[in-house]
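Trainee: Mind looking over this structure? Questions follow.
The values are calculated or read from the model by the stated rules, or taken from the named source; none is laboratory data. Quick caveat, the model's predicted, so the values are computed rather than measured. Positions of Cβ are generated from backbone atoms using ideal geometry, with glycine treated the same way; all protein chains shown enter the neighbour counts. Note: accessible area is taken over every heavy atom of the protein model, side chains too, but ligands, DNA and RNA are not part of it. Shrake-Rupley method; radii C 1.70, N 1.55, O 1.52, S 1.80 Å.
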Number of protein chains: 2
Amino acid sequence: MPDALNPTRKRIIDAATKLFYAEGIGRVSVDAVAEKAGLTKRTLYYHFQSKDDLIAAYLDARDQPNLKQMAGWFESEEGGPDRKVQAIFSNLARVARHPKWKGCGFLRTAAELAAMPGHPAIKVGARHKANFESWLADEMANRGLLEPKTLAREIVLLMDGAFSTMLIHRNADYVEAAGHAAAVLIRSRVPPADAAN
Amino acid sequence: MPDALNPTRKRIIDAATKLFYAEGIGRVSVDAVAEKAGLTKRTLYYHFQSKDDLIAAYLDARDQPNLKQMAGWFESEEGGPDRKVQAIFSNLARVARHPKWKGCGFLRTAAELAAMPGHPAIKVGARHKANFESWLADEMANRGLLEPKTLAREIVLLMDGAFSTMLIHRNADYVEAAGHAAAVLIRSRVPPADAAN
DNA sequence: TCTTGTATACCGACTAGTGAATGTACACAA
DNA sequence: TTGTGTACATTCACTAGTCGGTATACAAGA
């Protein structure tokens, strides 16, 4: 049983990532992933139990890099939390304009697997989204904003809405509009200044 | 060439609607749709040029009923626009709790076809979403709210975010949270009372 | 006789997954 | 140094079935 850090396993996941994200999990055959990885399907099935297992592994491998990218955009922006969050949306709008952008891999996979709510890949996606929401809530709380959990959830809703809307309209204005709304909601949670101090 | 109101064509679309929504367009074969409609695949191909054509027809048939349902929920609720919009979200949360609920058919189809941005079904979906946004903007404007178009777009973003998030977490709390945020954004657009009148 | 609609039967390509054999690296013994 | 056992890793060839789409025939109504 090869471990999670096995280099061949990694090569397969890299190939799967490119193909699944570009074409969608249902439109990519296991043969195609194996060929992209430069090995045979039988070898792929040595490293993964099934296609479903491979799909879950593909999303699991995206979890941390994705969170790091969001956090990087947040931290790189100067200013208050409203500007920092809006910077995430602006960066998303920028990358979403690229023709290779095909939405959020987690959400698209959940949409493709909507008929199988217990699918392991959906659980991985749910955990990723929960991680992001939790990170966001912590950032909001650390900056003293009111109702940090509610606020984080609202931002998540706007962001996932931006992903979906962008996918159907292919118009990045929706992403910017979501960022603006998020900034407004954040500013509404700035605690009143205490003149006594 | 059969017309759009042809009863056989309607039977096929009804069958396609049930299957495509329940399983996803990629997981349903043309054979399965034909069988559900009680006819052969060859007959289906007499009425529709291709599976892609059938997918677009399926979404097109959902456009008006979907808008009418939203408008019905909006109109049935007593109170101001904030309460009326929140009622849409509450009704969505209610139906989304049903195990047969599988998200928004338009968004799910767009996610499945993300690799084909020009696909006719995506254009149909984009038009439907634009229709909804436009209706919402009119309702907001008719009630004298400020920035009705921006407001409508923000509500749409929250709603599509609710659809996506619900699909991955299967937790209707997200839909209610989106409804609450929408109500807050609406109230922030109530024009200041003019004491002089 | 021409048009509309339906059915049977089929095509070639592709699908996820597997059986059986082969190759390879390394440990350990002679 | 050489031989051998073993577990890991990989390949080829295959199964059994599904896919979207079509060639052909036929039946009924105008």
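Trainee: With all pairs of different alpha carbon atoms counted, what Kirkwood hydrodynamic radius in Å does chain B show?
Mentor: Numbers: mean 1/r = 0.0548 Å⁻¹.
Taking every pair of different Cα atoms in chain B, averaging 1/r and inverting gives 18.3 Å.
Trainee: List the extent of the Cα atoms of region A:70-125 along each of their three principal axes, largest first, rounded to whole Å.
Mentor: On the principal axes, region A:70-125 reaches 43, 25, 14 Å in Cα extent.
Trainee: Here is a follow-up. Taking only C-alpha pairs under 8 Å that are 6+ residues apart, what is the relative contact order of chain A in percent?
Mentor: Working: 189 pairs, mean separation 42.4, N = 197.
Result for chain A is 22 percent.
Trainee: Largest first, what is the accessible-area ranking of B:THR165, B:THR150 with a 1.4 Å probe?
Mentor: Sorted by accessible area, descending: B:THR150, B:THR165.
Trainee: Could I ask something else about it? With no solvent and one point per C-alpha, what does the Debye sum give as log10 I(q)/I(0) for region B:87-197 at q = 0.12, 0.13, 0.18, 0.20 Å⁻¹?
Mentor: Relative scattering, expressed as log10 I(q)/I(0), comes to -0.49, -0.56, -0.96, -1.10.
Trainee: Just how much of A:VAL190 is accessible, in Å², when a 1.4 Å probe is used and the result is rounded to the nearest 10?
Mentor: 80
Trainee: Given R₀ = 35 Å, FRET efficiency for B:SER188-B:GLU75 by Cβ-Cβ distance, to 0.05? Walk me through the numbers on the way to the answer.
Mentor: Numbers: r = 23 Å, r/R0 = 0.66.
Between B:SER188 and B:GLU75 the formula returns 0.90.
Trainee: Under a Cβ-Cβ cut-off of 14 Å, what is the net charge of the residues other than A:ASP14 that fall near it, where Lys and Arg count +1 and Asp and Glu count -1? List each step's numbers first, then the result.
Mentor: Values: positive: A:ARG9, A:LYS10, A:ARG11, A:LYS18, A:LYS36, A:ARG62; negative: A:GLU35, A:ASP60.
Net of charged neighbours comes to +4.
Trainee: Another one. Could you work out the local net charge near A:MET116, counting Lys and Arg as +1, Asp and Glu as -1, over the other residues with Cβ closer than 10 Å to its Cβ?
Mentor: Details: positive: B:ARG27; negative: A:ASP52, A:GLU112, B:GLU23.
Charge balance near A:MET116 sits at -2.
Trainee: Any idea of the total accessible area buried by the A-B contact, 1.4 Å probe, rounded to 100 Å²? Please list the in-between numbers first.
Mentor: Details: alone 10940 and 10900 Å², together 18340 Å².
Roughly 3500 Å².
Trainee: Starting from a Cα-only point model with no solvent, please compute log10 I(q)/I(0) by Debye for region A:1-52 at q = 0.16, 0.19 1/Å.
Mentor: For region A:1-52, the Cα-only Debye profile gives -0.39, -0.55.
Trainee: Let a ≥ b ≥ c be the square roots of the eigenvalues of the Cα gyration tensor of the protein assembly as shown; is it rounded (a/c under 1.5), or, if not, prolate (a/b larger than b/c) or oblate? Walk me through the intermediate numbers first.
Mentor: Values: a/c = 2.27, a/b = 1.18, b/c = 1.92.
Note, shape of the protein assembly as shown comes out oblate.
Trainee: Now, a different point. Could you state the accessible area per residue of region A:1-119 in Å², with a 1.4 Å probe and every protein chain left in place? Kindly include the intermediate steps, with their values, before the conclusion.
Mentor: Working: 5970 Å² over 119 residues.
Here the residues of region A:1-119 average 50 Å² of exposed surface.
Trainee: Further, regarding this structure: Which whole-angstrom value gives the distance between the alpha carbon centres of region B:43-67 and region B:75-132?
Mentor: 18
Trainee: I want the local charge near B:THR165. Using Cβ-Cβ distances under 10 Å, sum +1 for each Lys or Arg and -1 for each Asp or Glu among the other residues.
Mentor: -1
Trainee: When you look at the Cβ of every residue in B:147-159, what mean number of other chain Cβ atoms sits within 10 Å?
Mentor: Working: counts 0, 0, 1, 3, 1, 0, 8, 9, 2, 6, 15, 7, 4.
So the per-residue partner count for this stretch is 4.
Trainee: Please find the FRET efficiency linking B:ASP173 to A:ASP14, where r is the Cβ-Cβ separation and R0 is fixed at 30 Å, and quote it to the nearest 0.05. Spell out each step's value before the answer.
Mentor: Working: r = 36 Å, r/R0 = 1.20.
That pair, B:ASP173 with A:ASP14, gives E of 0.25.
Trainee: May I ask you to rank A:GLU112, A:GLU77 by accessible area, largest first, using a 1.4 Å probe over the protein chains only? Walk me through the intermediate numbers first.
Mentor: Numbers: A:GLU112 15, A:GLU77 55 Å².
The ordering from most to least exposed comes out as A:GLU77, A:GLU112.
Trainee: Need one number: nm distance between label points at A:LEU67 and A:THR150, each 7 Å from Cα along Cα→Cβ, rounded to one decimal.
Mentor: 2.6
Trainee: Further question on the same structure: Ignoring ligands and nucleic acids, what accessible area does A:SER188 show with a 1.4 Å probe (Å², nearest 10)?
Mentor: Roughly 70 Å² of A:SER188 is accessible to a 1.4 Å probe.
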